[in-house]
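S.K.: Shown below is the structure under consideration.
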Ligand SMILES: NC(=O)c1ccc[n+]([C@@H]2O[C@H](COP(=O)([O-])OP(=O)(O)OC[C@H]3O[C@@H](n4cnc5c(N)ncnc54)[C@H](O)[C@@H]3O)[C@@H](O)[C@H]2O)c1
């Protein structure tokens, strides 16, 4: 990123040398803390937009990219690689790709490490994934969804750079299409316009304010509008998700799960999943989460009546 200055940076010595340093940091943290199990949570600033290319495709290609210091390999990918090498689960709370590239997902499977991401779902996208399934259930059409928000913390300062904002936009835009399935309902959702704006506005600090204007249409194509004004606190919304993810990733590791953890999609704007087809609907994500916990606990999936605590269950993906 370009909008903030690093105060504790290390001189750039190349990817392999950086990996060794992160590797040493993880080991020394393990020793000094006395912790037997670790989880790496990526909560670093959003990186500038990175279009994925051949170096991100396979683990072999990625390793070769490390050797030649390929600049398409970003710091968040290096952190993820170092953690996976030590079989530390990785959670990506940010919109940066980090572990969410085919090469590192392959490594997670190979090293038998669970991973989850991308970009915590805390504000406007959370509301979108609550409201959009309701509109769809009632077959209300969507002409457009305009979202704008202001925030004044350091995250907002970093996102003031258009190249970082582009990374964030990419993760924010996917949810509506995933939920509304325009390919199945072209008359209702084939043509909607979706815009997302974020403005850095220092006086508000960590108190974010978000506005949504939703242009819907009903019977006979009659146009109507919904307005949402969400006044929220970024850290209060994000911190409990980070804590849940820390505990659940460790649980996944202890249960022998590996690779992308689809059942943790509930927490993310742009979920990292095994088959490349994420679920965005919040209630569907919540059911997948419950099923995941039940299966780890060995409880039968009981059609979510909440009363079956016996029988064998298959493990979550
Ligand atoms: N509600 C939320 O807080 C929320 C929701 C979803 C996603 N996120 C994402 O989480 C990330 C962090 O948000 P925040 O509000 O905590 O930001 P922040 O600016 O308060 O903290 C980010 C920290 O990362 C550090 N950093 C930057 N590059 C680094 C690097 N290469 N290595 C190590 N540290 C580095 C920065 O110096 C800073 O201390 C952002 O990507 C943000 O978009 C936050």
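S.K.: Which residue is farthest from the chain's Cα centre (by Cα), if the candidates are limited to the stretch 250-273 and must be within 15 Å of residue 174 (Cβ to Cβ) and in a loop (DSSP other than H, G, I, E, B)?
M.R.: So the residue we want is 273.
Condition check ((1) in contact with a strand residue (DSSP E or B) (Cβ under 8 Å, 6 or more places away or on another chain); (2) crowded, with 21+ Cβ neighbours inside 10 Å) across all residues:
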position	(1), (2)
10	no, no
20	no, no
25	no, no
35	no, no
68	no, no
75	no, no
79	yes, yes
107	no, yes
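S.K.: Have a look at 122, 48 and point out the one that is within 10 Å of the ligand (Cβ to nearest atom) and not in a helix (DSSP H, G or I).
M.R.: Residue meeting the stated conditions: 122.
S.K.: Same structure, new question: Would you pick out the residues in the stretch 132-167 that are in contact (Cβ under 8 Å) with a residue 24 or more places away in the chain and more than 23 Å from the chain's Cα centre (by Cα)? Outline the logic, then answer.
M.R.: First pass over the stretch 132-167, keeping only residues in contact (Cβ under 8 Å) with a residue 24 or more places away in the chain: 132-133, 135-136, 139-161, 163-167.
Passing the criteria: 135, 136, 139, 140, 141, 142, 143, 144.
Matching residues to (1) in contact with a helix residue (DSSP H, G or I) (Cβ under 6 Å, 6 or more places away or on another chain); (2) in a helix (DSSP H, G or I); (3) more than 25 Å from residue 282 (Cα to Cα):
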position	(1), (2), (3)
100	no, no, no
110	no, yes, yes
135	no, yes, no
145	no, no, no
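S.K.: Being within 12 Å of the ligand (Cβ to nearest atom), not assigned by TED's automatic domain parsing to the domain that holds residue 164 and not in a loop (DSSP other than H, G, I, E, B), is that true of even one residue in the stretch 62-75?
M.R.: Within the stretch 62-75, one or more residues are within 12 Å of the ligand (Cβ to nearest atom), not assigned by TED's automatic domain parsing to the domain that holds residue 164 and not in a loop (DSSP other than H, G, I, E, B).
S.K.: If a residue must be more than 10 Å from the ligand (Cβ to nearest atom), free of Cβ contacts under 8 Å to residues at least 60 places away in the same chain and closer than 23 Å to residue 167 by Cβ, how many such residues does the stretch 1-24 contain?
M.R.: 1
S.K.: Could I ask something else about it? Only one of these conditions is not met by residue 290: (1) touching a helix residue (DSSP H, G or I) at 6+ places or on another chain (Cβ under 6 Å); (2) in the same structural domain as residue 87 (by TED's automatic domain parsing). Which number is it?
M.R.: Going through the list (1) touching a helix residue (DSSP H, G or I) at 6+ places or on another chain (Cβ under 6 Å); (2) in the same structural domain as residue 87 (by TED's automatic domain parsing), residue 290 breaks only (1).
The values are calculated or read from the model by the stated rules, or taken from the named source; none is laboratory data. No experiment lies behind these values; they were computed from the predicted model shown. A quick note on method: Cβ atoms are made from the backbone with ideal geometry, for glycine too, and the neighbour counts reach across all protein chains shown.
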